[in-house]
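Report on the following structure.
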Amino acid sequence: MVRNGLDKLISLFCVLVFVTFLVNHGHINFCAVDWVREKTVEAVQSEEGQEYIEETKEISKGILSDILHAIDRLVNGKEEESENSSAG
């Protein structure tokens, strides 16, 4: 277990060194990140973007509620009770 974690840590270190090397020598350019950020800010600030955000919030609340109810049924065994009462 410790060896697996150590291997992952060493791999992460090597990837970071490699990416830093590429950035320092100009092989990786982050202009696209800035462009995406600007477009995202514009979209979020627009009226249509706000509507999408509100719709997404409502959808996520509904899904979270469904997940919590499903977990509650699994933990408390309510699903078995409802199946038994519908069968009888």
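Quick look at the values:
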quantity: Which listed residue, of Asp66, Asp7, is modelled with pLDDT of 90 or more and open to solvent by less than 90 Å² (accessible area, probe 1.4 Å); calculated: Asp7
quantity: Among (1) of a type outside the set (Val, Ile, Thr); (2) within 25 Å of the chain's Cα centre (by Cα); (3) at pLDDT below 95 - the single one Glu55 does not satisfy; calculated: (3)
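For (1) at positive phi; (2) open to solvent by 90 Å² or more (accessible area, probe 1.4 Å); (3) over 24 Å from the mean Cα position of the chain (by Cα), each residue gets a yes or a no:
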| position | (1), (2), (3) |
| --- | --- |
| Phe18 | no, yes, yes |
| Val23 | no, no, yes |
| Ala43 | no, no, no |
| Glu47 | no, yes, yes |
| Ala70 | no, no, no |
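The values are calculated or read from the model by the stated rules, or taken from the named source; none is laboratory data. All of these numbers come straight from a predicted model, not from anything done at the bench. The protein model used for the area step is the full one, side chains on, heavy atoms only, and it has no ligands, DNA or RNA in it. Shrake-Rupley method; radii C 1.70, N 1.55, O 1.52, S 1.80 Å.
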